[in-house]
Amino acid sequence: MTLLRDCVRGEPGQRLLIVSEPEGSGFYDDAAPKVTAAAGRFIGMRVYQTQSECFLATAEDRELLLDLLRGFDHIVFFSRVGDQIRFSADKDMPSSTMCYTLDLESLNSAFGTACYRGMCAIKEVIENALLAAQHIRVSCPLGTDYEGYPQWPSCSAGDVRIKRFPMLVPRPIPAEGFHGKIVLDRFLVGTGSQFYQPYHLPLHDTVFAHIENNRILDFTGPDSEVKRVRGHYAHVSQLYDIDPDYVHSWHAGIHPGCHFPSKAESDILRWSGTAFGNPRILHFHTCGNYAPGEISWNILDPTIRIDDVPIWDKGWLQPERLPGIEPVLEDHPQLLELYRNPHRNVGMERLEEA
């Protein structure tokens, strides 16, 4: 009910279209969209359901999907196609929501039931702190050291045209104005913008990416691993005729209820489609001069200092440290409790944590 009441803001008599993937596709379960449809009917909405392909292969597929969506008051995507049109959807399309609760357990957990409006308020306070920052520094236990002053575009109305549910991340922080080194560990994986093969590259050893503004200057580390990383970037950039060395932006998760119960590599597609919302994970958008790019870097347990205040502290988001947060936390004490007792299982735990 949190999805339809607080995020979609559905009202009796409105036309709701639920877009799901074919049953048995393995990404979303079949129960979550059915339960959402029943909840919509319960509150008096006129509910319609359709299935889409899991991926949009061509620009024609994208246009056909956008045509299908017209004529409804609200769209809810339990389908990856929502992510694929998130950054390019027609501005005249209906109110639309991309749902990251991949199954009924997730929909009914603290991830899916935490107050959506409260999470949006916390996101706004975080974004205000980032917009006002004079200096931001990112580090992690494996050696990431990245800092700078964000060069925000003069017009920055919002990062996407489709709402996220639950609220997972603040708007991306531009890479321009930053420099340093980023640890690449465990794997590289796609961003959900396109789906290609191989979609992820396992890493057998740590590699460092050295960045200046929007450019990857170099990769360093064991020769064999650096060669594999460069080869993967060359392959993906050639597929889409994009700049392999471009670093567009980055952001960290803000939802303490977000979780992934299995090892990330056990289902890398599902992991990459939801786990990034936990504060333990910061991800970069790379390979392509647009968001979200085609290759993401995922940093575990970041510390993010905004003007020397650790707002993310080794993967723990500390909202009490944000200027102007007091009224929000007073209005949403249950969210503060969730931040003090967050889910910590994100599928990237190290052996010493298991």
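The values are calculated or read from the model by the stated rules, or taken from the named source; none is laboratory data. All values derive from a computational prediction rather than experimental measurement. Here Cβ is always computed from backbone atoms with ideal geometry, including for glycine, and neighbour counts include all displayed protein chains. Accessible surface is based on the protein model in full, side chains and every heavy atom, while ligands, DNA and RNA are left aside. Shrake-Rupley method; radii C 1.70, N 1.55, O 1.52, S 1.80 Å.
Are any residues in segment 311-331 surrounded by fewer than 16 Cβ atoms within 10 Å (Cβ to Cβ) and under 23 Å from L282 (Cα atoms), and if so, which ones?
K314, Q318, E320, R321, P323
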(Q) Anything in segment 238-259 that is among the hydrophobic types (A, V, I, L, M, F, W, C), open to solvent by less than 10 Å² (accessible area, probe 1.4 Å) and either in a loop (DSSP other than H, G, I, E, B) or farther than 19 Å from Y199 by Cα (or both)? List them, or say none. (A) W250, A252, I254, C258
Q) What number of residues in segment 267-300 are hydroxyl-bearing (S, T, Y), over 12 Å from the mean Cα position of the chain (by Cα) and at pLDDT 95 or above? A) 1
(Q) When you check R164 against the structure, is it over 30 Å from S106 (Cβ atoms) and charged (D, E, K, R), yes or no? (A) no
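Mind checking which residues of segment 161-213 are of a type in the set (A, V, I, L, M) and at pLDDT below 95? First the steps, then the outcome.
Filtering segment 161-213 for residues of a type in the set (A, V, I, L, M) gives 162, 167-169, 173, 175, 182-184, 188-189, 201, 203, 207, 209, 211.
Across segment 161-213, the qualifying residue is only I162.
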Q: Take segment 31-70 and flag every residue that is open to solvent by less than 60 Å² (accessible area, probe 1.4 Å), part of a loop (DSSP other than H, G, I, E, B) and either farther than 17 Å from L3 by Cβ or at pLDDT below 90 (or both).
A: S52, C54, L56
Q) Filtering segment 180-236 down to residues that are within 25 Å of the chain's Cα centre (by Cα) and among the small types (G, A, S), which residue is surrounded by the fewest Cβ atoms within 10 Å (Cβ to Cβ)? A) A234
Q: Inspect all residues belonging to segment 332-339 and state whether any of them is aliphatic (A, V, I, L, M), closer than 25 Å to L131 by Cα and open to solvent by 20 Å² or more (accessible area, probe 1.4 Å).
A: yes
Q) Of the residues that sit in segment 121-157 and are modelled with pLDDT of 95 or more and polar (S, T, N, Q), which one is farthest from V328 (Cα to Cα)? A) T144
